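Taking it in order: structure first as structure tokens, then the write-up.
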Amino acid sequence: MSFNSRVLDLQKVLAHKSLFLFGPRQTGKSSFIRNQLVGGEFAKENNVALFWTLLDGRLRLRLLSDIGLLRQEVKVRNLHDCVIVIDEIQKIPELLDEIHLLIEERNIRFLLTGSSTRKLKNTGVNLLGGRATERHFHPFCFAEVGSHENYNIPFIFEHGLLPSMFFSEDLDEDLAAYINTYLTEEIAAEGAARNIPAFARFLNTAALTNAQILNYTNIANDAQIPVQTVRQWYQVLEDTLLGYQIEPFTKTTKRKAIATAKFYFFDIAIARSLRNIPAPVEGTTEYGEYFEQLICMELKAWIDYTRPRSKLTYWRSTSNMEVDFCVDEEIAIEAKSTMNVTEKHLKGLKALREEGIFKRYVVVCQEEHPHHIDGIEILPWKYFLSELWEGNV
């Protein structure tokens with residue numbers, strides 16, 4: 001699998017503006033950037049002048065002792081109107097002030113990557129005053145590996161879609177190492193949680209509520225930690241890109257909507273490993289949960305890569321009618337792992353359709369062929385994902 005085949009078009013963005021590229025560990029950011037920007041035609045045409053990674057301990061120490069080192073390097077090499085890549089910018093947030101000056105003085109475009117936004121937010125550093133756009137990098141999506149022989153439900157539920165896990169030959173060990181690295185490097189090193197054992201217990205509890213509406217009180221009781229700490233630690237999960245909230249769609253009038261978000265971990269195998277369970281089999285609650293999460297992952301990646309101004313939400317009424325996903329006010333989507341969609345699977349979509357807001361109503365499922373039931377589209381999951389990435393949704 002070549003990292004050149006990833007969907008995100010960095011060149012299009014960097015041709016005009018600097019870019020923050022955030023993504024969880026091991027999504028392949030560094031390899032992708034090197035392959036797409038360094039040494040190829042883009043590097044020649046756009047003058048990619050420097051590639052610094054702050055994972056390099058020696059470079060990091062030099063910058064910490066002299067934050068002006070980057071500006072000195074630019075002046076010595078007389079760099080103008082070029083692209084500079086700095087990997088893992090969250091390691092030295094103070095460097096952003098220097099970068100801001102170089103953008104202003106020398107018309108340099110920067111690609112700044114990070115696996116956490118926490119230090120950038122908490123230190124109150126200059127985020128370039130709107131002079132850079134932001135994108136998020138995701139695990140593999142259908143447009144990248146949909147034709148691979150292993151892109152099927154059982155394999156995805158076991159391996160997830162992180163490149164390192166998708167091709168892993170020792171999955172259990174690699175998953176355990178990933179989670180341990182997250183706890184020790186991201187959480188402990190950033191001081192995000194002083195009590196690591198309690199945070200690990202919270203992670204396990206949070207994984208049990210994956211793809212569910214957040215109830216901080218219940219989670220606090222289960223994890224045996226204060227409610228306020230639960231709120232803070234969910235923010236840690238988002239800042240370190242281990243998960244994200246899906247906000248509720250609240251514009252319905254006939255049925256009042258609840259206003260509480262749902263939370264999803266960024267990858268199925270990571271969520272599964274945190275719960276210490278095997279890949280679920282068809283017919284179990286977890287199987288339906290992870291099918292929903294898979295569709296969520298695809299929708300998030302599709303929005304971030306192709307239409308970043310769009311918004312992904314979900315809808316649930318106070319009478320417990322629910323639709324899994326809504327994209328803007330265009331399409332409402334219910335994810336059902338069933339191989340035989342019946343009227344009972346359409347209740348939420350029909351209730352939402354009474355509001356007359358959305359243009360399309362879709363059930364994504366495991367049936368073999370697309371068809372309609374009472375005006376609602378019933379689409380096989382791979383067919384839906386193909387249509388999604390080809391721009392037909």
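The values are calculated or read from the model by the stated rules, or taken from the named source; none is laboratory data. The structure presented is a predicted model; accordingly, all values stated were derived computationally and were not measured. Ideal geometry is used to build each Cβ from the backbone, glycine not excepted, and the neighbour counts take in all protein chains shown. Heavy atoms of the whole protein, side chains included, go into the accessibility calculation; ligands, DNA and RNA do not. Shrake-Rupley method; radii C 1.70, N 1.55, O 1.52, S 1.80 Å.
Look at (1) modelled with pLDDT under 90; (2) surrounded by fewer than 20 Cβ atoms within 10 Å (Cβ to Cβ) and you find that Arg62 fails only one, number (1).
A residue that is touching a Ser or Thr at 6+ places or on another chain (Cβ under 6 Å) and of a type outside the set (Ser, Thr, Tyr) can be found somewhere in region 348-363. Within region 338-358, residues that are without any contact (Cβ under 8 Å) to a residue 60 or more places away in the chain reach partners that are among the hydroxyl-bearing types (Ser, Thr, Tyr) and open to solvent by less than 80 Å² (accessible area, probe 1.4 Å) with beta carbons closer than 7 Å, at six or more positions or on different chains, in the pairs His345/Thr338; Leu349/Tyr361; Arg353/Tyr361.
Yes/no matrix, rows are residues, columns are (1) within 30 Å of Ser5 (Cα to Cα); (2) aliphatic (A, V, I, L, M); (3) touching a residue at least 60 places away in the same chain (Cβ under 8 Å):
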position	(1), (2), (3)
Arg62	no, no, no
Leu69	no, yes, no
Leu102	no, yes, no
Lys121	no, no, yes
Thr133	yes, no, yes
Phe137	yes, no, yes
Cys141	yes, no, yes
Val145	yes, yes, yes
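Could you tell me how many of the residues in region 310-335 are closer than 24 Å to Gly283 by Cα and open to solvent by less than 60 Å² (accessible area, probe 1.4 Å)? Here the count works out to 9. Consider Glu334 carefully, then state whether it is touching a Gly at 6+ places or on another chain (Cβ under 7 Å), within 25 Å of Cys141 (Cβ to Cβ) and not in a loop (DSSP other than H, G, I, E, B). Yes, satisfied. Only one of the listed residues (Glu298, Glu286, Glu292, Glu282) is without any contact (Cβ under 8 Å) to a residue 24 or more places away in the chain and either surrounded by 15 or more Cβ atoms within 10 Å (Cβ to Cβ) or over 21 Å from the mean Cα position of the chain (by Cα) (or both). That residue is Glu286. Note on region 62-178: no enclosed helices (runs of 4 or more DSSP H) hold 2 or more residues that are of a type in the set (Gly, Ala, Ser) and more than 22 Å from the chain's Cα centre (by Cα).
Out of all the residues in region 68-127, which are open to solvent by 40 Å² or more (accessible area, probe 1.4 Å) and acidic (Asp, Glu)? Across region 68-127, the qualifying residues are Glu73, Asp81, Glu94, Asp97, Glu104, Glu105.
Residue check: Gln228 meets all listed conditions (1) farther than 21 Å from Pro24 by Cβ; (2) open to solvent by 60 Å² or more (accessible area, probe 1.4 Å); (3) within 22 Å of the chain's Cα centre (by Cα) but one, namely (3). Can Tyr314 be described as at pLDDT 95 or above, in contact with a helix residue (DSSP H, G or I) (Cβ under 6 Å, 6 or more places away or on another chain) and not in a helix (DSSP H, G or I)? No. Being open to solvent by less than 60 Å² (accessible area, probe 1.4 Å), modelled with pLDDT of 95 or more and among the β-branched types (Val, Ile, Thr) is the requirement here; does Thr240 meet it? Judged against the criteria, Thr240 is not a match. Close Cβ contacts (under 6 Å, 6 or more residues apart or on different chains) running from residues in region 213-240 that are without any contact (Cβ under 8 Å) to a residue 12 or more places away in the chain to residues that are small (Gly, Ala, Ser) comprise Val227/Ala220.
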